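Report on the following structure.
Taken together, the values in this text are just the output of simple stated rules run on the coordinates, not laboratory data. The structure displayed is predicted, hence computed values, not measured ones. Heads up, the Cβs are rebuilt from the backbone with ideal geometry, glycines too, and the neighbour counts pull from every protein chain shown.
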């Protein structure tokens with residue numbers, strides 16, 4: 001096989017392994033975080049904690065995630081972006097998926113958590129279908 005034919009074949013294979021389709025959608029920029037927020041002293045769940053998340057990945061049109069904990073202290077939150085192109089990668093891809101979470105309640109000290117983990121690339125980005133449990137304890141504010 002000639003070197004030119006081989007290089008043409010490799011170039012064609014690399015170009016055909018990635019397909020971008022003009023489909024507007026929301027793409028995940030962080031893991032889907034879920035967990036429970038509790039009082040560090042009593043261990044009891046804390047209701048109405050504002051949980052905010054932003055992803056590690058750069059985005060020109062991010063949609064920050066924000067929610068409040070329920071009566072059992074539970075939350076589910078994810079950061080997304082408004083994407084114009086749906087990208088399909090037909091080969092192995094790896095990278096990282098993570099985010100910054102902020103936990104805020106007027107009666108407790110604010111807490112920030114950061115996660116970052118290596119992931120295999122999904123059909124539409126590094127954070128596609130990634131879930132991460134993160135249980136947090138907050139310290140009551142001093143009087």
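Run the numbers for residue 21 and residue 34: contour at 0.36 nm per residue of separation, minus the present Cα-Cα distance, in nm. In short, 1.6 nm is gained. Note on 77, 130: ascending count of other Cβ atoms within 10 Å places them as 130, 77, the fewest first.
At an R0 of 22 angstrom, the distance between the Cβ atoms of residue 68 and residue 44 translates into a FRET efficiency of 0.85. Full extension of the segment from residue 133 to residue 114, taken as 0.36 nm per residue of separation minus the current Cα-Cα distance, would add 5.6 nm.
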